[in-house]
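Some notes on the structure that comes next.
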């Protein structure tokens with residue numbers, strides 16, 4: 001069984017050597033994660049049973065005007081707290097049968113086979129995490145990451161997010177503009193109404209994620225000479241136009257262009273939705289020891305099959321430190 005042990009080592013080391021590339025490709029495959037990477041908002045954590053995201057929830061009450069020898073207040077001012085997020089996990093197995101090991105008996109052949117399998121695993125895990133970014137964290141029995149539907153719901157005043165009850169703390173409520181039947185003639189006005197709720201000095205949304213419908217409405221509202229795209233975003237492979245100084249990114253996935261009903265695949269922003277995101281307050285938090293790495297270097301054999309498995313694993317979550325700077329423009333059915 002020397003060959004089996006040898007190829008087990010090849011599997012483990014090949015996955016290990018590709019782990020950073022896989023993590024980078026997952027990041028670069030999504031406009032939100034790509035923006036967070038650019039802003040330095042991807043930060044690993046190394047331990048604990050929860051992910052703590054520090055946030056400032058009020059001003060320092062000691063601040064004030066004074067003159068001459070006036071006494072200055074030095075009382076305790078509790079202004080820092082933290083939102084608390086569960087650690088979510090994802091994995092994808094890479095499987096090779098005993099027959100495939102025999103058929104790919106040379107080291108180079110085995111690596112070629114593994115490369116092909118890893119590319120599929122990489123894209124699968126990338127799509128899984130990208131889909132989770134738009135979820136509410138309840139899929140797969142609450143095992144999915146806490147995505148934008150959890151962070152930026154249509155009813156923020158009744159939700160708890162990051163362990164903080166938004167009904168008790170108004171600063172933890174995102175902005176909402178839910179409209180009936182937006183058109184190309186009204187879409188910019190509705191975007192303006194949401195935008196003004198999200199600007200505080202230099203704080204403002206820097207990226208807007210739109211589904212097919214909302215993207216098309218906004219594009220139709222623009223004159224040809226107004227369709228300015230962002231070169232950096234375009235170079236990253238994302239289709240963008242500008243609103244104010246924010247990038248509007250198409251992230252709706254495929255849909256039925258011809259009305260035939262034959263195309264059903266769709267990933268990305270939910271139908272009829274635009275998410276206005278201030279990425280200064282968003283954070284992608286993978287675990288430092290579980291960011292697209294082999295789950296273990298140990299041999300994993302099926303008990304009743306001639307096959308070997310290595311598992312690429314990820315753990316972490318998407319977090320937020322400023323929910324009031326995030327908004328949703330939604331079209332009512």
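Read-outs throughout are calculated quantities, based only on the coordinates presented, and are distinct from any laboratory measurement. Keep in mind it's a predicted model, so treat the numbers as computed, not measured. We place every Cβ from the backbone using ideal geometry, glycine too, and count neighbours over all the protein chains shown.
Paramagnetic label reach from residue 244 (point 7 Å along Cα→Cβ; backbone nitrogen cut-off under 14 Å): within segment 181-220, residues 188-209. With R₀ set to 25 Å, the beta-carbon distance separating residue 157 from residue 28 gives a calculated FRET efficiency near 0.10. Taking 0.36 nm per residue of separation and subtracting the current Cα-Cα distance, fully stretching the chain between residue 271 and residue 288 would add 2.7 nm. Per-residue extension of 0.36 nm, minus the Cα-Cα distance of residue 200 and residue 168, leaves a gain of 9.3 nm for this segment. Once the chain from residue 311 to residue 21 is taken as fully extended at 0.36 nm per residue, the excess over their C-alpha distance is 102.8 nm. Taking max minus min of the alpha-carbon positions on each principal axis, segment 115-174 gives extents of 51, 20, 16 Å, largest first.
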